[in-house]
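Enquirer: Pasting in a structure now, in structure tokens, and then I'll have a few things to ask.
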Amino acid sequence: MLEIKNYTKTYGDKKAVDQLSLHIAPGEIYGFIGHNGAGKTTTLKAVAGILPFEEGEIRINGVSVKEDPIACKKQTAYIPDNPDLYEFMTGIKYLNFIADIFEVPAQERKERIHKYAELFELTSDLAQPILTYSHGMKQKLAIISAWVHEPKLIIMDEPFVGLDPKAAHLLKEMMREFCDKGGAIFFSTHVLEVAEKLCDKIAIIKKGELIKAGTMEEVKGDTSLEEVFLELEEKTC
């Protein structure tokens, strides 16, 4: 589904990410963790086709992000850490705008928007301008927009920030259902307890370098993910 091979991103003389290689298969929820500035967002933006990079290759379903970015974007959805939405639009206009971009048929988009708006208890707010939404409401709208065109790969940067407990639980269920149907999710999070319970695989990055990756069992063994993360942070200081 997603193959990152020797991905390197440089800002001036500094390597934000150095020779990163990961593989996310269909059906996998893959967590990406690390401290602030470790290179998580930089990597996710490159996978989403937003950020150019100097070295390496990123492929989605065998298609190069560099060589055919449009074909890759048609198969993906990206939710940034801070929902950057068109606030002059109403919620429903924004969702229809996204559905138009991905050429979702009218009946299918109507059913999906209704389904997810009801789940997130956002239906009554869709007629309101996004400008009036709280951060949590914007996050819910961004999540609905990611699911509305049924992508093959969903990329999320800190998706649980701003969500209330009920919405966070719902998102976790949606993520699992999406991957059980053959999709793949690559997401960053600082909530290690969530990552430990939810992820099939995990990668830990520090200062742009991958320090450990594998299945949850391979990474944490008999201890907790939090203990492993803190131990690795201390060893690589």
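Enquirer: Would you confirm whether or not the stretch 71-92 contains a residue that is out of contact with any Lys or Arg (no Cβ under 6 Å at 6 or more places or on another chain), of a type in the set (Phe, Trp, Tyr) and buried (at least 16 other Cβ atoms within 10 Å of the Cβ)?
Expert: Looking for residues that are out of contact with any Lys or Arg (no Cβ under 6 Å at 6 or more places or on another chain), of a type in the set (Phe, Trp, Tyr) and buried (at least 16 other Cβ atoms within 10 Å of the Cβ), one finds at least one in the stretch 71-92, hence yes.
Enquirer: Out of curiosity, is His149 open to solvent by 40 Å² or more (accessible area, probe 1.4 Å) and within 19 Å of the chain's Cα centre (by Cα)? Quick ask: steps written out before the conclusion?
Expert: Details: open to solvent by 40 Å² or more (accessible area, probe 1.4 Å): no; within 19 Å of the chain's Cα centre (by Cα): yes.
No: the conditions fail for His149.
Enquirer: Filter the stretch 18-40 for residues that are outside any strand (DSSP E or B) and either modelled with pLDDT under 95 or among the aliphatic types (A, V, I, L, M) (or both); which is nearest to Ile60 (Cα to Cα)?
Expert: Kept after step one, since they are outside any strand (DSSP E or B), are these residues of the stretch 18-40: 25-28, 34-40.
Retained after the next criterion (residues that are either modelled with pLDDT under 95 or among the aliphatic types (A, V, I, L, M) (or both)): 25, 34-40.
Details: Ala25: 10, Gly34: 23, His35: 26, Asn36: 26, Gly37: 25, Ala38: 23, Gly39: 20, Lys40: 18 Å.
Out of the qualifying residues, it is Ala25.
Enquirer: Only one of these conditions is not met by Ala167: (1) of a type outside the set (Phe, Trp, Tyr); (2) in contact with an Asp or Glu (Cβ under 6 Å, 6 or more places away or on another chain); (3) surrounded by 14 or more Cβ atoms within 10 Å (Cβ to Cβ). Which number is it?
Expert: Ala167 satisfies all of (1) of a type outside the set (Phe, Trp, Tyr); (2) in contact with an Asp or Glu (Cβ under 6 Å, 6 or more places away or on another chain); (3) surrounded by 14 or more Cβ atoms within 10 Å (Cβ to Cβ) except (2).
Enquirer: With the requirement that a residue be open to solvent by 30 Å² or more (accessible area, probe 1.4 Å), under 24 Å from Gly27 (Cα atoms) and not hydrophobic (A, V, I, L, M, F, W, C), what does the stretch 186-223 give you?
Expert: If the condition is that a residue be open to solvent by 30 Å² or more (accessible area, probe 1.4 Å), under 24 Å from Gly27 (Cα atoms) and not hydrophobic (A, V, I, L, M, F, W, C), then His190, Glu193, Glu196, Lys197, Asp200, Lys201, Lys212, Thr215, Glu217, Glu218, Lys220, Gly221 are the ones that fit.
Enquirer: Further question: Does Asp100 satisfy the criteria of being modelled with pLDDT under 95, of a type outside the set (Ser, Thr, Tyr) and open to solvent by 40 Å² or more (accessible area, probe 1.4 Å)?
Expert: Values: modelled with pLDDT under 95: no; of a type outside the set (Ser, Thr, Tyr): yes; open to solvent by 40 Å² or more (accessible area, probe 1.4 Å): yes.
Spelling it out, it is not the case that Asp100 is modelled with pLDDT under 95, of a type outside the set (Ser, Thr, Tyr) and open to solvent by 40 Å² or more (accessible area, probe 1.4 Å).
Enquirer: Being without any contact (Cβ under 8 Å) to a residue 12 or more places away in the chain and either at positive phi or of a type in the set (Val, Ile, Thr) (or both) is the filter here, so list the residues in the stretch 104-121 that pass it. Give the derivation first.
Expert: Initially, the stretch 104-121 is screened for residues without any contact (Cβ under 8 Å) to a residue 12 or more places away in the chain, giving 105-108, 110-111, 114-115, 118, 121.
Within the stretch 104-121, just Glu121 meets the criteria.
Enquirer: Take Lys15 and tell me if it is farther than 20 Å from Phe186 by Cβ, part of a strand (DSSP E or B) and open to solvent by 50 Å² or more (accessible area, probe 1.4 Å). First the steps, then the outcome.
Expert: Numbers: farther than 20 Å from Phe186 by Cβ: yes; part of a strand (DSSP E or B): yes; open to solvent by 50 Å² or more (accessible area, probe 1.4 Å): yes.
Taking the combined requirement at face value, the residue satisfies it.
Enquirer: Right, another one. Filter the stretch 41-87 for residues that are more than 12 Å from the chain's Cα centre (by Cα) and part of a strand (DSSP E or B) and give the result.
Expert: Within the stretch 41-87, Glu55, Gly56, Glu57, Ile58, Arg59, Ile60, Val63, Ser64 meet the criteria.
Enquirer: Another one. Go through the stretch 4-42 and count every residue that is of a type in the set (Asp, Glu) and within 21 Å of Ile79 (Cβ to Cβ). Before you say what the answer is, go through the steps one by one.
Expert: Taking the stretch 4-42 and keeping what is of a type in the set (Asp, Glu), we get 13, 18, 28.
In the following step, the residues that additionally are within 21 Å of Ile79 (Cβ to Cβ) were identified as 28.
Residues flagged as of a type in the set (Asp, Glu) and within 21 Å of Ile79 (Cβ to Cβ) within the stretch 4-42 amount to 1.
The values are calculated or read from the model by the stated rules, or taken from the named source; none is laboratory data. Note that this is a predicted model, so its numbers are computed, not measured. Quick reminder, even Gly has a Cβ in these numbers, built from the backbone with ideal geometry, and neighbours come from all protein chains shown. Please note that ligands, DNA and RNA were not included when accessible areas were found on the heavy atoms of the full protein model with its side chains. Shrake-Rupley method; radii C 1.70, N 1.55, O 1.52, S 1.80 Å.
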